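Chemist: The structure that follows is given in the form of structure tokens.
The values are calculated or read from the model by the stated rules, or taken from the named source; none is laboratory data. Predicted model, so just to flag it, every value in this text is computed and none were measured. With ideal geometry, Cβ positions are generated from the backbone for all residues, glycine too; neighbour counts draw on all protein chains shown. Heavy atoms of the whole protein, side chains included, go into the accessibility calculation; ligands, DNA and RNA do not. Shrake-Rupley method; radii C 1.70, N 1.55, O 1.52, S 1.80 Å.
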Amino acid sequence: MRDTETTIGNLIDKQGVSFIGSVSPDGIPNIKAMLPPRKREGIKVFYFTTNTSSMRVSQYKANPRACIYFCDRRFFRGVMLTGTMEVLEDRKTKEMIWREGDTMYYSKGVTDPDYCVLRFTANDGRYYSNFSSESFEIEQAML
């Protein structure tokens, strides 16, 4: 890949679905489809919304190791990023990614105790395209 951040960023921005991975208390990998990230900072940091009461939140609180995956089905390519997931419940972060219409999911608004933010921070990744794949480190990709 010539420009890792641009190539990966463009793939991510065009997807309507994200997949997030967590680790169960038994050490079993779990994966879940989600809406795309609400915000991203390059290919290093991603913000998602979810319910504080969800199983995934309790898994990330117990074990922050995580991955996220984006798949372009049309061109059969994808990227997996591995790193850590933080559960954020502070008002400033919740307001940062709040959107009009979110009361459909969080009826009490931005202060709803069942609304939180997942912040994923990537360490490295693996990109698949044209029947081959390559690994990359995030810090290297962003230079």
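Chemist: Taking all protein chains together and a probe of 1.4 Å, list Thr103, Thr50, Thr7 from the most accessible to the least accessible.
Modeler: Thr103, Thr7, Thr50
Chemist: Still on this structure, please answer the following. Using the alpha-carbon centroid of each, what span in Å lies between the range 71-143 and the range 14-70?
Modeler: Comparing the Cα centres of the range 71-143 and the range 14-70, I get a distance of 7 Å.
Chemist: Given points 7 Å out from each Cα along the Cα-Cβ axis, report the Asp90 to Asn123 separation in nanometres with one decimal.
Modeler: For the pair Asp90/Asn123, the computed spacing is 2.4 nm.
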